[in-house]
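J.: Once you've had a glance at the structure underneath, I'll fire off some questions.
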Amino acid sequence: MPVQQWLLENVLGLAPAGEDERPVKRTQDDKWALNLRAARQFHAREGHLNVPRKHTEHLEPEDGPEGRQGGAEELLSVKLGMVLDNIRKRADKLTEQRRADLDALGIRWTNTASSRSPR
């Protein structure tokens, strides 16, 4: 047993996390689906995808509270402004399907603030 684990268990009285307490690992496809769901929610509410960079979109879990660990209701937060800004910067690396999903929402691929000429 490693020293750190012994100290945690015997000195601090902490036990290793059980399987149901460990964080859920998300694949890149899972993350994309979550980000796309946030973009669709924002678009449905606002009618556009001109999201401020600091905007955070709050989503309810898809499978409801019974699907979450411990049964606790938890909002999912997606930093949608930052996500879309990063997607725009890496647009050439997107698959055709992902680009089509965002085109359907009317994403603005260029940042108008950066395309303006300096004064």
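Just so you know, all these numbers are worked out from the coordinates, no wet-lab data involved. Keep in mind the model is a prediction, meaning the values are calculated, not measured. For neighbour counting, all protein chains shown are included, and Cβ atoms are generated from backbone atoms with ideal geometry for every residue, glycine included.
J.: Every residue in the stretch 44-60 that is among the polar types (S, T, N, Q) and under 13 Å from the mean Cα position of the chain (by Cα), please. Talk me through it step by step, then tell me what you get.
T.: As a first pass, look at the stretch 44-60 and keep what is among the polar types (S, T, N, Q): 50, 56.
The one that is among the polar types (S, T, N, Q) and under 13 Å from the mean Cα position of the chain (by Cα): Thr56.
J.: Which residue pairs have Cβ atoms under 6 Å apart, sit 6 or more places apart or on different chains, and have a first residue in the stretch 45-59 that is within 15 Å of Asn35 (Cα to Cα) and a second that is surrounded by 11 or more Cβ atoms within 10 Å (Cβ to Cβ) and of a type in the set (Lys, Arg)?
T.: Thr56/Lys79
J.: Also, quick follow-up: Those residues that are within 18 Å of the chain's Cα centre (by Cα) and either exposed (fewer than 11 other Cβ atoms within 10 Å of the Cβ) or hydroxyl-bearing (Ser, Thr, Tyr) (or both), I need them from the stretch 1-43; list them, please. Explain how you work it out, then say what you get.
T.: Taking the stretch 1-43 first, the residues within 18 Å of the chain's Cα centre (by Cα) are 23-43.
The answer is Pro23, Val24, Lys25, Thr27, Gln28, Asp29.
J.: Pro61: closer than 29 Å to Arg98 by Cβ, assigned to a loop (DSSP other than H, G, I, E, B) and either touching a helix residue (DSSP H, G or I) at 6+ places or on another chain (Cβ under 7 Å) or charged (D, E, K, R) (or both), yes or no?
T.: Here the answer is yes, as Pro61 does meet what is asked.
J.: Filter the stretch 3-36 down to the residues that are out of contact with any helix residue (DSSP H, G or I) (no Cβ under 8 Å at 6 or more places or on another chain), under 30 Å from Arg88 (Cα atoms) and not in a helix (DSSP H, G or I) and list them by number.
T.: Hits for the stretch 3-36 are Pro23, Lys25, Thr27.
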